[in-house]
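Everything below concerns the one structure shown next.
FYI, it's all coordinate maths here, none of it is from the lab. Model, not experiment: these values are computed from the prediction. Cβ coordinates were reconstructed from backbone atoms using ideal geometry, including for glycine residues, and neighbour counts include every protein chain displayed.
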Amino acid sequence: MRITKHPILTFERGRELSFTFNGQPMKGYEGETIAAALHAAGVKELGKSSEMHRPRGFYCAIGNCASCQMIVDGEPNVRTCITLLREGMSVETQNGKGRIK
Amino acid sequence: MREVELLIIGSGPAGLCAAISAASSGASVLILERSFKPGGQLIKQTHMFFGSESQYASYRGVDIAGILLEKLKEYGERIELMLNATAVGFYEDNVVTVLKDEKEYFKIRAKSVICATGAFEKSLAFPNNDLPGIYGAGAVQTLMNVYGIRPGNRVLMVGAGNIGVIVSYQLMQAGIEVAAVLDAAPRIGAYLVHASKLARMGVPILTSHTVKEAIGKDCLEAAVVCEVDERFNPIPGTEKRFDVDVLCISVGLSPLNELLAMRGVEMKYVPQLSGSVPMRSENCETCIPGIFVAGDASGIEEASSAMAEGYLAGLCAAAKLGYAPEDFEQRRSEYLKQLEDLRSGPVGERIRAGMKISQL
């Protein structure tokens, strides 16, 4: 899902990072958000809504709409569209409202 | 509690220009930016700007962000840019509460505040409009132009205004198929120069069309569209199905200015400016002295007018703090003139009407 050829832009990706998505090993790049890295890997469903448990993806990508919230390193309600990916992160889909431990 | 002279909320075109303008007069500025990257929506705009030289016409948005950030550096410690810092509250004593890195929570008291918080993409009501694969046009632009990631393989664009048409063209530049662009209005809203580019590339622009429903289980698989009559009611029997994995919603933006409402600034719903906006003076000052607004937060326009408003608000906010440059009046009229030019002609008619209603 990554763009390799572009007439105007060149994409300089940072170093490769490893993280897990629901326990599965995944790869992304330094400098990209969690939601971007997941989308590049073909993951569009980031969680389930709180009432009807319908699938949720991101919508605004600027940290405003809360549609992209996931559990990151055990912490719920992380806005993955504006949170940078880090080496070794554990990312999980969130079903409904997050529970703060 | 930290005390600052001028607090600017938002580092998009309006916020950056306001900071440069105020610092050049001598004011000390702190800019809060909720993202990890400054520049607001400029960073994803690969098209060249219209307008005049003073708003960087013929530069691409992404390059303008770079130019403004370079300029910011010229003022050294007079401008501090704080990233990953969201302003979450704005109180009577001009205290702004900030959440930094999702961890630290602290207060800042400012002598003057410029709210340059921008806008948010509107959604559209239709069955299954919440499926993954249905994104704001700006979100798709971020994904492909900032991160270099394809939003999908085949896109249906809803909205034939400037953003819808420009993003459709950018999708094709990135090698992604655009099945069609639709708009409920009977005419294309975008500038003809943008729309004809798409038409030349063979993308149908379906006016008087809307989305009837989205289809998909875990994510979008198809969208059904239909024609609408002159009162925007769907016409039965005109349904068409598009097998697409991305539906891009570009039906306009709403101003983001809850902080000003929370502070008690007088607000008004102004349809011409696309939502609830603060009442303000010619100098972008709200009904509370020392609190200013600039850019899309004051009504939806373009980045060019956001920059001009930013310069004006920064100049006037600094002057109120006691930093009026010798050529204050000359600069003030220059920015007002730029805004008048940007809002001139038939295209600016709505904005001019909105400005009149929202003027204190």
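Which whole-angstrom value gives the distance between the alpha carbon centres of the stretch A:27-90 and the stretch B:41-66?
Computed from Cα coordinates, the inter-centre distance equals 29 Å.
Along its principal axes, what span do the Cα atoms of chain B show, with the longest given first and each in whole Å?
Principal axes ranked by extent give 66, 47, 35 Å for the Cα atoms.
For a quick check: with amide H placed at 1.01 Å from N, whose amide H comes under 5 Å from B:ASP245's, ignoring anything fewer than 5 positions away on the same chain?
B:ASN153, B:ARG154
In debye, nearest 20, what is the charge dipole magnitude of the stretch B:240-339 about its Cα centre with +1 on Lys and Arg Cβ and -1 on Asp and Glu Cβ, if you could check? If you can, show how the numbers build up before the last one.
Details: 9 positive and 14 negative charges, 52 e Å.
That gives the stretch B:240-339 a dipole magnitude of about 260 debye.
Among DSSP beta bridges whose residues both lie in the protein assembly as shown, state the antiparallel percentage, nearest 5. Let's see the in-between values first.
Details: 47 of 85 bridges.
Within the protein assembly as shown, antiparallel bridges account for around 55 percent of the total.
Quick one: of the DSSP bridges fully inside chain B, what percent are antiparallel, nearest 5? Don't jump to the answer; show the numbers that get you there.
Values: 32 of 66 bridges.
If I count the DSSP bridges inside chain B, around 50 percent turn out antiparallel.
One quarter of the convex hull surface, Cα atoms only: what value does that give for the stretch B:124-249 in nm²?
Orientation-averaged projected area of the Cα hull: 7.2 nm².
Amide H of B:GLY148 versus every other amide H placed in the peptide plane: which residues, excluding those fewer than 5 positions away on the same chain, fall under 5 Å?
The list, which skips near neighbours in sequence, is empty: none.
Just to check I understand the Karplus step: with θ = phi - 60° and J = 6.51 cos²θ - 1.76 cosθ + 1.60, what whole-Hz values come out for the stretch B:75-89, glycine and proline as x?
Result, ordered by residue: 8, x, 6, 5, 10, 10, 10, 9, 8, 6, 10, 9, 6, 10, x Hz.
In debye, nearest 20, what is the charge dipole magnitude of the stretch B:196-273 about its Cα centre with +1 on Lys and Arg Cβ and -1 on Asp and Glu Cβ, if you could check?
Numbers: 9 positive and 11 negative charges, 60 e Å.
Roughly 280 debye, rounded to the nearest 20.
Taking every residue in A:29-40, how many Cβ atoms of other protein chains lie within 10 Å of its Cβ, on average?
That average works out to 4.
Give me the aspartates and glutamates in straight-line cross-link reach of A:LYS101: C-alpha distance below 14 Å, same-chain residues under 8 apart excluded.
Partners within reach: A:ASP73, A:GLU75.
Out of the chymotrypsin sites (Phe, Trp or Tyr not before Pro) in the stretch B:174-275, which ones are loop residues according to DSSP with at most 14 other C-beta atoms within 10 Å?
Of the chymotrypsin sites (Phe, Trp or Tyr not before Pro), the ones in loops of the stretch B:174-275 whose Cβ has at most 14 other Cβ atoms within 10 Å are B:TYR191, B:PHE232.
Given a 10 angstrom Cα cut-off, can you work out which residue in B:MET48, B:MET201, B:MET267 is the most mobile in a GNM of chain B?
Taking springs between Cα atoms under 10 Å, the residue moving most is B:MET201.
Please compute the Kirkwood hydrodynamic radius of the protein assembly as shown from all pairs of different C-alpha atoms, in Å with one decimal. The partial results should precede the final answer.
On the way: mean 1/r = 0.0438 Å⁻¹.
Every distinct Cα pair counted, the radius reaches 22.9 Å.
Per residue of the stretch A:65-78, what does 6.51 cos²θ - 1.76 cosθ + 1.60 with θ = phi - 60° give for ³J(HN,Hα)? Whole Hz please, x for Gly and Pro, Karplus curve as stated.
Taking θ as phi minus 60°, the curve returns 9, 6, 7, 9, 5, 9, 9, 10, 6, x, 9, x, 6, 7 Hz for the stretch A:65-78.
How many angstrom lie between the Cα centre of the stretch B:180-236 and the Cα centre of the stretch B:71-141?
Cα centroid to Cα centroid, the span is 32 Å.
Mind checking B:97-107 for the average number of partner chain beta-carbons within 10 Å of each residue's beta-carbon?
Mean partner-chain Cβ count within 10 Å for B:97-107: 1.
Hey, which aspartates and glutamates would be in cross-link range of B:LYS240, C-alpha to C-alpha under 15 Å, not counting anything within fewer than 8 residues on its own chain?
Of all the aspartates and glutamates, those that pass the test against B:LYS240 - Cα under 15 Å, at least 8 places apart if same chain - are B:ASP183, B:GLU213, B:GLU221, B:GLU227.
Do any GluC sites (Glu not before Pro) in the stretch B:8-101 lie in a DSSP loop with no more than 14 other beta carbon atoms within 10 Å, and if so, which?
B:GLU74, B:GLU92
For a quick check: sort A:MET70, A:MET1 by the number of other beta carbons within 10 angstrom, fewest at the front.
Final ranking by Cβ density, sparse to dense: A:MET1, A:MET70.
List the aspartates and glutamates whose Cα lies under 14 Å from the Cα of A:LYS48, skipping any in the same chain that are fewer than 8 positions away.
Within the straight-line cut-off, A:LYS48 pairs with A:GLU92, B:ASP130, B:ASP218.
With no solvent and one equal point scatterer per Cα, compute the Debye intensity ratio I(q)/I(0) for chain A at 0.12, 0.24 Å⁻¹ and report its log10, rounded to two decimals.
For chain A, the Cα-only Debye profile gives -0.38, -1.33.
Contact order normalised by length for chain B, with contacts defined as Cα pairs under 8 Å and 6 or more residues apart; what percent is it?
Relative contact order for chain B comes out at 20 percent.
List B:ASP93, B:ASP296, B:ASP63 from most exposed to least, where exposure is judged by having the fewest other Cβ atoms within 10 Å.
Working: B:ASP93 6, B:ASP296 33, B:ASP63 15.
Fewest to most other Cβ atoms nearby, the residues stand as B:ASP93, B:ASP63, B:ASP296.
Within chain B, what is the longest stretch that has no trypsin sites (Lys or Arg not before Pro) placed in a DSSP loop and near at most 13 other beta-carbon atoms within 10 Å?
Value returned for the longest uninterrupted segment is B:232-360.
Can you sort B:MET307, B:MET279 so the residue with the fewest Cβ neighbours within 10 Å comes first? Could the numbers behind the result be given before it?
Working: B:MET307 31, B:MET279 17.
The most exposed by this proxy come first: B:MET279, B:MET307.
The stretch B:159-268: which GluC sites (Glu not before Pro) are DSSP loop and have at most 11 other beta-carbon atoms within 10 angstrom? Mind dumping the intermediate values first?
Values: sites: B:GLU177, B:GLU213, B:GLU221, B:GLU227, B:GLU230, B:GLU239, B:GLU258, B:GLU266; in loops: B:GLU230, B:GLU239, B:GLU266.
Filter output for the stretch B:159-268: B:GLU230.
Looking at the stretch B:64-115, I'd like the Rg to Rh ratio, where Rg is from alpha-carbon atoms and Rh is Kirkwood's inverse mean 1/r.
Here the Rg-to-Rh quotient is 1.04.
What does the charge dipole of the stretch A:16-95 about its Cα centre add up to, to the nearest 20 debye, if the Cβ of each Lys and Arg holds +1 and the Cβ of each Asp and Glu holds -1?
The dipole magnitude comes to about 300 debye.
Work out the charge dipole of the protein assembly as shown with +1 on the Cβ of Lys and Arg and -1 on the Cβ of Asp and Glu about the Cα centre, then indicate which of A:ALA66, B:GLY76, B:PRO236 is farthest towards its positive end.
B:PRO236
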